[in-house]
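Novice: This is the structure, below, for whatever I ask next.
All of the numbers you see were taken from the coordinates with simple rules; none came from a lab. Fair warning: this is a prediction, and the values are worked out from it, not measured in the lab. All Cβ positions, glycine included, derive from the backbone under ideal geometry; neighbour counts span all protein chains shown.
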Protein chains: 2
Amino acid sequence: MDNNMNPQRLHVEYPNCNSLTPDWIVGFVDGEGCFHIGINKNDEVKSGYQVLPELTVVQHKRDIQLLYRLRTFMKCGVVRSNHGDRFCWRVRCLKNLVEIILPFFEKHPLKSKKNIEFHRFAKVVRMMEKDKHLTQEGFQKIIKIAEEMNRQEQREIRIKI
Amino acid sequence: MDNNMNPQRLHVEYPNCNSLTPDWIVGFVDGEGCFHIGINKNDEVKSGYQVLPELTVVQHKRDIQLLYRLRTFMKCGVVRSNHGDRFCWRVRCLKNLVEIILPFFEKHPLKSKKNIEFHRFAKVVRMMEKDKHLTQEGFQKIIKIAEEMNRQEQREIRIKI
């Protein structure tokens, strides 16, 4: 019998598959996570632009299992190919961001300055929850917050290179 | 009175300064840590080469406080300037690697494939503890392990760029 089909083996491995803890996740996201607000041109939307908040964690494919474990622990998001040999765990669904991601990182705060990005991100997500991104005033406010966040990201990309 | 001189304020902030946990550190090192074996040419050493194992965690200067908190929690290492706006927490002292770093990551294992690098690193450090790096055979073995680790690092650098 194929080992992967052996229910006992699956049973033994199950606890290990779920051995992530909130503190570990906070540390890992402090290091590797990215809270991003995308502003994409989209003619189907009244304002002409779509607001796309997302949390991503990118890893080399050798650690794809870790991304699946993040998804299992957080009960949301998808694991997708990123660039080259990299994969990411990504949460875009507004409902999951509001109901899972924001409460998680409010209960277990990031310890790095990335926490400032998280709070800007949370502000935008909560505005979107109330459809404020569909108003002229709300959209302009989001653009401003996104620009501040993206400036920080650009600095970080330069640092990593 | 200057706020920084207010003992009550210091008292309130103290727990926050030490709020790192082993799980958070493991997550953060899974993301940002680097176990490295340097082999440097050094004519003062009999073999002509010096073996320099080190653990480093690099951050942008905005998170230098986090590096100091790592040093405080682990009771070893130094915080030093790295490149440009980056700083690192670095542990090179063999005694601290043997007595603090190895036991810590053996008790609290890394969850990413970086754990493989850690075990190679631990092997070299324990060989050095027994002065095996001073023998021809031991030194050759260390070179081989270091080459395997550095190949992995090179792949990771390419991925980040």
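Novice: So which GluC sites (Glu not before Pro) in segment A:26-87 end up in coil per DSSP with only 10 or fewer other C-beta atoms within 10 Å?
Specialist: Values: sites: A:Glu32, A:Glu44, A:Glu54; in loops: A:Glu44.
Listed in order of number, the matching sites are A:Glu44.
Novice: Explain nothing, just compute: Karplus ³J(HN,Hα) = 6.51 cos²θ - 1.76 cosθ + 1.60, θ = phi - 60°, for every residue of segment B:102-111 in order, whole Hz, x for Gly and Pro.
Specialist: Using θ = phi - 60°, the values come out as 4, x, 4, 7, 7, 6, 10, x, 4, 9 Hz.
Novice: Given a cut-off of under 8 Å on Cα pairs at least six residues apart, what relative contact order in percent is computed for segment A:21-160?
Specialist: 24
Novice: With a cap of 13 neighbouring Cβ atoms within 10 Å, and only residues DSSP puts in a loop, list the trypsin sites (Lys or Arg not before Pro) found in segment B:58-88.
Specialist: Working: sites: B:Lys61, B:Arg62, B:Arg69, B:Arg71, B:Lys75, B:Arg80, B:Arg86; in loops: B:Lys75.
Sites meeting the loop and neighbour criteria: B:Lys75.
Novice: Right, another one. Note the distances from B:Gly84 to each other copy's matching label point, with points 7 Å along the Cα-to-beta-carbon direction, in nm, sorted shortest first.
Specialist: Nearest first, the other copies' label points are 1.7 nm away.
Novice: Please state the shape class of segment A:21-160: rounded when a/c is under 1.5, otherwise prolate if a/b exceeds b/c and oblate if not, all from the C-alpha gyration tensor. If you can, show how the numbers build up before the last one.
Specialist: Values: a/c = 1.60, a/b = 1.52, b/c = 1.05.
Prolate, since a/c reaches 1.5 and a/b exceeds b/c.
Novice: Just order B:119-129, A:124-134 by mean Cβ neighbour count inside 10 Å, highest at the front, would you?
Specialist: B:119-129, A:124-134
Novice: For the modelled label position 7 Å from the Cα of B:Val45 along Cα-to-Cβ, which residues of segment B:80-118 have backbone nitrogen atoms closer than 15 Å?
Specialist: What the label zone holds, given the 15 Å backbone N cut-off, is B:92-95.
Novice: Also, quick follow-up: Please name which of B:Asn42, B:Leu70, B:Thr56 has its Cα lying farthest along the dipole of segment B:22-149 towards the positive end, using unit charges on Cβ (Lys, Arg +1; Asp, Glu -1) and the Cα centre as origin.
Specialist: About the Cα centre, the residue reaching furthest to the positive side is B:Leu70.
Novice: Enumerate the lysines that A:Lys46 could reach by cross-link, defined here as Cα to Cα under 24 Å, with residues fewer than 8 away along the same chain left out.
Specialist: Within the straight-line limit of under 24 Å, A:Lys46 reaches these lysines: A:Lys95, A:Lys123, A:Lys130, A:Lys132, A:Lys141, A:Lys144.
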